[in-house]
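One structure is given below, encoded as structure tokens.
The values are calculated or read from the model by the stated rules, or taken from the named source; none is laboratory data. Quick caveat: nothing in here was measured; it's all calculated off a predicted structure. Note that we place each Cβ from the backbone using ideal geometry, even for glycine, and neighbour counts take in every protein chain shown. In case anyone asks, the SASA skips ligands and DNA or RNA and just uses the protein heavy atoms, side chains included. Shrake-Rupley method; radii C 1.70, N 1.55, O 1.52, S 1.80 Å.
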Number of protein chains: 2
Amino acid sequence: MLLASLSMAAATITSPNGNIELKFYVDQQGRPVYEMSYKGRPVILPSHLGLELAKDKHASRGTNETDLMTGFTLKSEQSREFDETWRPVWGETATIRNHYNEYAATLSQPTERREIIIRFRVYDDGLGFRYEFPQQQELNYFLIREEHSEFAMAGDHTAWWLPGDYDTQEQETQECRLSEIRDRYRQAVNWGNSSVAVFSPTGVQTSLQMKSQDGLYINIHEAACINYATMHLELVDAQTKALTTKLEGNSNVYTPNPLPSSYPLPKPFTFVSHLTPDATGLKGCMQTPCQSPWRTVMVSDDARDMLSSNLILNLNEPCALDDTSWIHPTKYCGVWWEMIVGKSSWNYTDELPSVYIDKVDWQQLKPNGRHAANNEKVRRYIDFAADNGLDQVLVEGWNVGWEDWANMWKRDVFDFQTPYPDFDLKALNDYAHSRGVKLMMHHETSSSTQNYERHLEKAYQLMNQYGYDAVKSGYVGDIIPRGDHHYSQSMNDHYLHCIKEAAKHHIMVNAHEAVRPTGLCRTYPNLVGNESARGTEYEAFGGSRPDHTVILPFTRLQGGPMDYTPGILETQLGTWSDNKNIVHTTLVGQLALYVTMYSPLQMAADLPENYAKYMDAFQFIKDVACDWDDSRYLEAEPADYITVARKAKGTDNWFVGGKCDENGHLTTLKLDFLDKGRKYEATIYADAKDAHYETNPKAYTITRKTVKAGQTLKLQQAPGGGFAISIIAL
Amino acid sequence: MLLASLSMAAATITSPNGNIELKFYVDQQGRPVYEMSYKGRPVILPSHLGLELAKDKHASRGTNETDLMTGFTLKSEQSREFDETWRPVWGETATIRNHYNEYAATLSQPTERREIIIRFRVYDDGLGFRYEFPQQQELNYFLIREEHSEFAMAGDHTAWWLPGDYDTQEQETQECRLSEIRDRYRQAVNWGNSSVAVFSPTGVQTSLQMKSQDGLYINIHEAACINYATMHLELVDAQTKALTTKLEGNSNVYTPNPLPSSYPLPKPFTFVSHLTPDATGLKGCMQTPCQSPWRTVMVSDDARDMLSSNLILNLNEPCALDDTSWIHPTKYCGVWWEMIVGKSSWNYTDELPSVYIDKVDWQQLKPNGRHAANNEKVRRYIDFAADNGLDQVLVEGWNVGWEDWANMWKRDVFDFQTPYPDFDLKALNDYAHSRGVKLMMHHETSSSTQNYERHLEKAYQLMNQYGYDAVKSGYVGDIIPRGDHHYSQSMNDHYLHCIKEAAKHHIMVNAHEAVRPTGLCRTYPNLVGNESARGTEYEAFGGSRPDHTVILPFTRLQGGPMDYTPGILETQLGTWSDNKNIVHTTLVGQLALYVTMYSPLQMAADLPENYAKYMDAFQFIKDVACDWDDSRYLEAEPADYITVARKAKGTDNWFVGGKCDENGHLTTLKLDFLDKGRKYEATIYADAKDAHYETNPKAYTITRKTVKAGQTLKLQQAPGGGFAISIIAL
């Protein structure tokens, strides 16, 4: 029975397997309310839904114009069951089942003669809901002042959170109780990050992973964020009894946007949505018919379900591209890590304090001798890729403009066309192609989106001309147009615009510093990756905690793959550079990431000369697949450990990865997933007994053995370590 | 002697003929000061120069970082005389002399280790000065909080002014004493204009025409506004003794931006520059080397010199285009006035409250029956143009999206590609070309500049494909990106970007609602016109005063030609439509505008069927040239009358126009400009004796007579009237 009960009072909708139950009703003030439970345990306590609009300066319609939160009556209801299985272009599994019970309430607001629809989809592992705004006489264009969707938690859960911020998502994840967020907030923000734009001492980002005291795993995020601002969450502030209070003492803090005074104060431990504003402070410009993204709540009593869930992808629309034959998983290396570490530079010259890229005679300038993207070095990387079966070579710093590229409010910063004098665009591409390798394009926009859009078509044409089929783009620094933010409606539109235009050119996109993904890769599978979190580069900037990579799959990866750039085998940077930082994993831990951090785009991020020192370990990076027919999450606990086995696409081979935090972890690996009766050769890359990410990171063992289904392997992961296994069918 | 005196105390620079004298010095507080006189009479009393910078959030350098106004010492001086004669691609005269004495002071600010240059060019009819910012260690990137250039007037002059506004320049010109501006301000603003964004009760726009009580004509404007925000002027407020006070009672009023408190209060009747802000309130993002536009002060004791001056053009850079052969003067008609009057519509259907232009099946929609840009009507206009020697036919409303185009914050409003179902793009162009006529493209952007730039290349390609070589663009409504303004640095860059891209496609641009011009047509002569003021359309929206067209040449036209769209011979709109407005000139007054309002682009704006009623008068519009070898301003007084004789390009024919205000005017026209001894046939279009713009507008006489040099004609212009004469060499 789809609808267990449906009365004027409340609709109850259960998930296909009955584990999740949703209640929806309109309360006496005409406010939409929902609540959610899992196996009879409360997940979302009664929570209000609605939006607050802004007055339209051109067509204001009176005092109640802005209230899309109260005064509703339930006009009609619709429900249906949906069950499909679809095949992703790339992914963790060959097929994905999309099975839900849907409930849509059409709500009428008689005083304003308006209607909205709130639509729920209830899955076995969570639910999504969104606001839909049909085209209608009294609601054609509207401005969003704030969305006030509540998520009332049932207790003082443990949360893994990032400070809510309009411009960066590269902070270190915090772990504390909900009640502790406010006190933790100030230290959670790395104020030295020039992009910091926080807005509330209880504002956090999604995907937000939580765990209740009685062992429920709960995750809040969003799906299909299109033509809408990215959502943050603000926790009701128990200290001040107000929603938002202003953070003191920092200029990058924005004006609080409290709930309307008429609105009842939410319960404690309640999150309320907080959208990213545009330059004027507004959160959205809408034209009906339209809808919000899906707001998602995933829940399970098994942490592994958080990782295997396809809820976010399923809530996105099917693939919009007719031809996807040109989209392919990609393993790459690149001229990158040595600049990140500080050994070489993106820029070509140090002669000028600033440049106008179209007025400088680059041939006449004195090279600084540190420019990495030079013909000789790129050829070495091409050779390395060709020799080791890597598909592509990323080259950052190939194009003019890096002399003064960041944080200058410089609009015409790059042209994405003109190579530095020591980078022979044609010859290097020809050489790469002669060796069976492609170059990967790099478009750092410096967040000057106006400039990027002006050059976009020609930049993509240049890629087509020379045979590039993938671009890593970047959005470092303050957004131009000035006053806009990285996660606003208009910027979200910009990122998608680039993805759509790239698809026309058969170009895959890997956008760094762009908005955190919300599953759009289902609809636009040429979006093969994003950064949108704290990547490996931070290991050279002071480091990330060892548990970082066993948090990200629960949070950042919910929306889509991350170009985390693993594979730093020489974890002690001081051994080959002046950078004294260490990578906060063991060497084997780096190998494990290729399996535990799913992505169709995987970098072998270390330098060829560093890999040369560990060619036996590097063999795993050469062997590991990056597209899969099946994935089995074998054990998982947020910030503690993740173990997953994946079956390589179109083969009978499996790759298993285990990664743990600073405490180490003993994995008992049951080889249940192998075909019964078949023999496999396993190559086991394991931390040595005395390995430790700080004191002895590069101590590892490589063991080969024949294995079969039913066997069990004991694998001791070192502090900050992991393991990686290739299992080749014989 | 170029420098009459040059000491540590003050430099004195005179104009080539000695009429104008400039003094420049650095005062005891290290503030740059200039003053200016004309024939010994003060024009600019001692006035300070300088800029206030904003702190850079990424690279703040301490407390004095923002002060680029005080603490300067005179480091060095340079002077030179310059004299050239250049040939404009189109213009009022075949050649233009550019003759000035230049003085440049390099100013050092030791505490900040910075240098700037203030450069003056002193002409016989005025001067220009600008700030130059050389590339230097301590000044590479900077943000402008405000420019504080003072223009201290010597008395309580009469001024012809528009309210300073960040988004519209289409208000009616005000005439009053400087001391009366504040009291006049509120009524000067048409608050019904949805674009109003005023900022100060004494803020005015440039070009600002003034007249002193003792008969000096003074005009303040700017030249070569490139990569900089448009300048307004704020009058020192005698009432409050502060520079800017907030206008009360209107939401479109911006935060005052007062002078720094440490700064001395300027003298009474002092204007101080006020730049147009971006969405964050800042006025400019600069990278050295760079410079401000020229700030211009024109002066004469003869009003005609205000009109014949080429100072603004001369202060612009020479033509930047290698090939200008494709740029040509253009006379055109168009499907336009009947929509302005309200008789037909731009949009095709009334069925939908809003449209997504790429999701609508236009063929299936019900036409509203009022769509003007249809095949049948456009063919009639093509025939009319061909039959009467007009070059082009503008068609507005040809492309989809007009159903909901304005003031909706709609980004994807037009695609500039898709015609309405009843507009056959190919067939109509083919037909036009078969008749020796071109269609003129129309790109209304709805101020969604982001959308326009995304489509710009393809829109221009479409024009090339079908043989369009000119585009009228429009910027109605609020700017997208939201929060930006029509005259900000970034928008000024947008307009120029479009002009430059158009030039690559050999396309001429006529941008409406874009920033008021500052002589850029010298450098980019494919900028053949702008609106940027209150055009003829306002005659259908309630009217403009009869003196409007004898003010505009003193103000708006200083920066470049205006697409005023004259030629409304059926001045009483109610005779053919439901619009009850009248045009506030006589019929002959409309003819005069083709001569008095110089433009290389002239529209015959009335309907073919209206011209059919006055074909004898229409003959002048057919005959009149729109490019000239010579122009002689014969009499002029701001807001009273203008009479000018112009010699048609490459001919010996002259056209004379006289236009007056509501009081009428008797012109004694001496035919001194004709070649001595030669005979000419003059056709004189004159107001009939009882003509009057309100009561009897269409009473006119046409007289033919043979004339020769030395003769005098007496021409009585009616109230709101004028005259027009064609003088054809025999």
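What residues have an amide H closer than 5 Å to that of residue A:399, excluding those fewer than 5 places away on the same chain, when H is modeled at 1.01 Å from N in the peptide plane?
A:420
Any idea which of A:368, A:127, B:233 is furthest toward the positive side of the dipole for the protein assembly as shown, if Lys and Arg beta-carbons carry +1 and Asp and Glu beta-carbons -1?
In the protein assembly as shown, that residue is A:368.
Below 8 Å, C-alpha to C-alpha, sequence gap of six or more: please give me the relative contact order for chain B in percent.
Dividing the mean separation by the residue count of chain B yields 11 percent.
Scan around residue B:562 for amide H atoms under 5 Å from its own, H built in the peptide plane at 1.01 Å from N, and keep only partners 5 or more places away or cross-chain.
Counting only residues 5 or more places away or on other chains, the set is B:530.
May I ask you to list the trypsin sites (Lys or Arg not before Pro) in the stretch A:566-647 that are in a DSSP loop and have at most 16 other Cβ atoms within 10 Å of their Cβ?
Answer by residue number: A:580.
Where the accessible area of the stretch A:112-176 is counted over protein heavy atoms with a 1.4 Å probe, how much of it, in %, is carbon and sulfur?
C and S atoms contribute 37 percent here.
For the stretch A:581-633, what is the charge dipole size about the Cα centre, in debye to the nearest 20, if Lys and Arg each add +1 at the Cβ and Asp and Glu each add -1 at the Cβ?
160
What GluC sites (Glu not before Pro) does the stretch B:542-647 have in DSSP loop regions with at most 12 other beta carbons within 10 Å?
none
Note down the magnitude of the dipole of the protein assembly as shown about its Cα centre, charges +1 on Lys and Arg C-beta and -1 on Asp and Glu C-beta and zero elsewhere, to the nearest 20 debye.
I would put it at about 340 debye.
Give the separation of the Cα centroids, the stretch A:8-23 to the stretch B:372-427, in Å.
54
What part of the accessible area of the stretch A:555-596, given as a whole %, is carbon or sulfur when the probe is 1.4 angstrom?
46
Where the only charges are on Cβ atoms (+1 Lys, Arg; -1 Asp, Glu), what is the dipole of the stretch B:575-663 about its Cα centre, to the nearest 20 debye?
Approximately 180 debye in magnitude.
Kindly write out, for the stretch B:321-332 in residue order, the coupling ³J(HN,Hα) from the Karplus curve 6.51 cos²θ - 1.76 cosθ + 1.60 (θ = phi - 60°), rounded to whole Hz, with x marking Gly and Pro.
3J(HN,Hα) across the stretch B:321-332, in whole Hz: 9, 6, 10, 10, 5, 8, 8, 8, x, 9, 10, 9.
Return the long-range amide H neighbours of residue A:177 (sequence gap of 5 or more, or a different chain), with a cut-off of under 5 Å between placed amide H atoms.
A:159
Suppose we keep just the DSSP beta bridges with both residues in the protein assembly as shown; what percent of those would be antiparallel, to 5?
Around 85 percent antiparallel, to the nearest 5.
Order the following by accessible area, largest value first: B:506, B:692. Probe radius 1.4 Å; ligands, DNA and RNA are ignored.
Output order, biggest surface exposure first: B:506, B:692.
What angle do you read, to the nearest 10 degrees and between 0 and 90, between the alpha-carbon axis of helix A:375-387 and the longest principal axis of chain A?
80
Per residue of the stretch B:464-478, what does 6.51 cos²θ - 1.76 cosθ + 1.60 with θ = phi - 60° give for ³J(HN,Hα)? Whole Hz please, x for Gly and Pro, Karplus curve as stated.
3J(HN,Hα) across the stretch B:464-478, in whole Hz: 4, 4, 9, x, 6, 10, 8, 10, 8, 10, x, 9, 6, x, 6.
I need the inter-copy label distances for residue A:132: point set 7 Å along Cα to C-beta, values in nm with one decimal, smallest first.
6.5
Using DSSP to call loops (not H, G, I, E or B), can you name the GluC sites (Glu not before Pro) in the stretch B:324-384 whose Cβ has at most 16 other Cβ atoms within 10 angstrom?
B:351
Any idea what the relative contact order of the stretch A:80-208 is, in percent, if you count C-alpha pairs under 8 Å spaced at least 6 apart?
15
Farthest toward the dipole's positive end in the protein assembly as shown, which of B:344, A:505, B:509, given Cβ charges of +1 (Lys, Arg) and -1 (Asp, Glu) about the Cα centre?
Checked the options; the winner is A:505.
Am I reading the A/B interface right? What is its buried accessible area, both sides, 1.4 Å probe, to the nearest 100 Å²?
3600
I'd like the orientation of helix B:489-504 relative to chain B: the angle between its Cα long axis and the longest Cα principal axis, in ° from 0 to 90, rounded to 10.
50
Just want to confirm a number: the relative contact order over the stretch B:624-675, from Cα pairs under 8 angstrom separated by 6+ residues, in percent.
Answer for the stretch B:624-675 is 30 percent.
Return one whole number: the accessible area per residue of the protein assembly as shown in Å², for a 1.4 Å probe.
33
Give me the inter-chain shielding for A:545-558: mean count of other chain Cβ atoms within 10 Å, whole number please.
The shielding value for this peptide is 0.
Give me the angle, in degrees from 0 to 90, between the Cα long axis of helix A:587-596 and the longest principal axis of the Cα atoms of chain A, rounded to the nearest 10.
The angle comes out at about 50 degrees.
Tell me the accessible surface of residue A:147 in square angstrom (1.4 angstrom probe, heavy atoms of protein chains only), to the nearest ten.
Its heavy atoms expose roughly 0 Å² to the probe.
Looking at B:673, B:571, B:353, which one has the Cα that reaches farthest to the positive end of the dipole of the protein assembly as shown (charges on Cβ: Lys, Arg +1; Asp, Glu -1)?
The residue sitting most towards the positive pole is B:673.
Residues of the stretch B:279-322 losing 40 Å² or more of accessible surface, assembly versus chain alone, probe 1.4 Å, please list them.
B:280, B:285, B:287
From the cross-link list A:500/B:500; A:23/A:267; A:55/A:410; B:500/B:659; B:504/B:622; A:377/A:410, which pairs have alpha carbons spaced over 24 Å apart?
The pairs that break the limit, which is 24 Å between Cα atoms, are A:500/B:500; A:55/A:410; B:500/B:659; B:504/B:622; A:377/A:410.
Taking residue A:267 in one copy and the same position in all the others, each labelled 7 Å out along Cα→Cβ, what are the pairwise distances from the first, in nm, shortest first?
For residue A:267, the other copies' label points sit at 7.3 nm, shortest first.
Please report the net charge: other residues with Cβ closer than 11 Å to the Cβ of residue A:396, K and R +1, D and E -1.
-1
Short version: ³J(HN,Hα) in whole Hz for each residue of the stretch B:709-724, in order, from phi by Karplus 6.51 cos²θ - 1.76 cosθ + 1.60 (θ = phi - 60°), x for Gly and Pro, what are they?
Whole-Hz 3J(HN,Hα) from phi for the stretch B:709-724: 3, x, 6, 10, 10, 9, 10, 8, 8, 6, x, x, x, x, 8, 8.
Taking the label point as lying 7 angstrom from Cα along the Cα-to-Cβ axis, what are the distances from residue A:678 to the corresponding position in the remaining copies, in ascending order and in nanometres?
9.8
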